[in-house]
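> I have a structure here, written as structure tokens, and I will follow up with some questions on it.
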Amino acid sequence: MLLPIPAFNVNLSDLASRHVFKISKLALLLTALPIVSTSVQADMFDELIDPKDGQLDASSYILNNAHGFMPVPFLITEPAVGTGGGVALLFFHETDEQKAIRLDNPDKVSKIPPSVTGVVGGATSNGSKLAGVFHSGNWKNDNIRYIGGLFGGSFNLKYYSDASNIANDFNIEGLYFLQDIDFRLGESNFFLGGSYVNMGSNSTFDFSGTIPGIDPIELDSKDASVAVKLTYDSRDNQFSPRDGLKAGIKASFHHENLGGDFDYHEYNGFVQSYYRIAPKWGLGIRGDIKSVSEGVPFYAKPFLDMRGIPAMRYQGESTALAEVELSYDIDERWTVLGFAGTGKAIEDDGKFEDADWQTSKGAGFRYLIARQLGLRTGIDIAKGPEEWTMYIQFGGAWH
């Protein structure tokens, strides 16, 4: 399941989708950890044990409580905004057909997650905050996938202009509206989709750290876009894929006629491939390229999106990156992994060969916390060009 909770980083349109997916998987897990009265604790703990292997498992508790709102705490570990957390109030919509299939096949991992509606609010250690409402839907036996939401936020970030190592502090706050839908093409693994994004924001720059005596500079703006996209998705699971391929291309068109102040285009192509190279060994390979045209606002430039590198640290008119991840299953529940990636951010007047490679690497582990959903959770520790970072992961690291 993919819940549209765009969390704490910017390019907001890109970040929205990035953290939407991460927190959606987290939300499913943490529904298994509500505050309950003593009279129902025994039943709850029984549901948190998988009768198949006697291990801790949240599948039954999550899916058997798929009616009614649930308070769900979550954690934020994005180096661009610091650490933090929040609460989401979620309503799960498992269809009668989905429930019947699950009850008849208790050993089978479901490929179609339940739809979810919710309200979310969160904050981080550097003063950033977010609140919003959203819905994530999988309809018609996974032939239609939808994400939509309305969010308000305030984010304290750093901007590095023209590959500079000097950070300029700025705050961006405003409203973010998202509508995103994909339609399966026949019985294939191809999806044709589109999206609309509208963001009104106020940005305040503080240059006092580099140029003493200058007052903060403010910028009010609106940015609106429509996008078309084609996606191929043969992954065996939407949460923690272990086999299959997801690849896609997307073109977004920003224009004043759509409700914004800017006129520019952005293009994205990506591939995420997962292989079982041996019964206990898995290999993941990721590639991603992004490019924008002239007229793009500073906060919408693409940046290198890899573990170990803060959001917006390396921006350019174009970015290209590649990552590889190798995993080993200790048993059916526990997995250890190592990963490495490298990428470049290229300015408009620069050449690919002149841009510096930015490399990150790290290691982590996963635990199969919801077997019937195929959801794995764990921790990654990554080292980028400048700092060490810890990430609490819910599902795969690539959205």
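The values are calculated or read from the model by the stated rules, or taken from the named source; none is laboratory data. Here the structure is a predicted model, which is why all the values come from computation and not from measurement. Calculation scope for accessible area: heavy atoms of the full protein, side chains included, ligands and nucleic acids excluded. Shrake-Rupley method; radii C 1.70, N 1.55, O 1.52, S 1.80 Å.
> Tell me the carbon and sulfur percent of the accessible area for region 245-399, rounded to whole percent, probe radius 1.4 Å.
On the way: 4010 of 6610 Å².
With neighbouring chains kept in place, the figure for region 245-399 is 61 percent.
> For each pair in Lys129/Lys246; Lys290/Lys361; Lys52/Lys361; Lys250/Lys301, compute the distance between the two Cα atoms and list the pairs where it is over 25 Å. Spell out each step's value before the answer.
Numbers: Lys129/Lys246 32 Å; Lys290/Lys361 21 Å; Lys52/Lys361 36 Å; Lys250/Lys301 15 Å.
Listed pairs above 25 Å: Lys129/Lys246; Lys52/Lys361.
> Show me the three semi-axes of the equivalent ellipsoid for region 288-399, from the C-alpha gyration tensor (sqrt of 5 times each eigenvalue), largest first, rounded to whole Å. Each step should come with its number before you reach the end.
Values: eigenvalues 199, 41, 25 Å².
After scaling each eigenvalue by five and taking roots: 32, 14, 11 Å.
> Which cross-chain or sequence-distant (5 or more) residues have an amide H under 5 Å from the amide H of Arg371, H modelled 1.01 Å from N in plane?
Answer set, sorted by chain and number: Ala58, Ser59.
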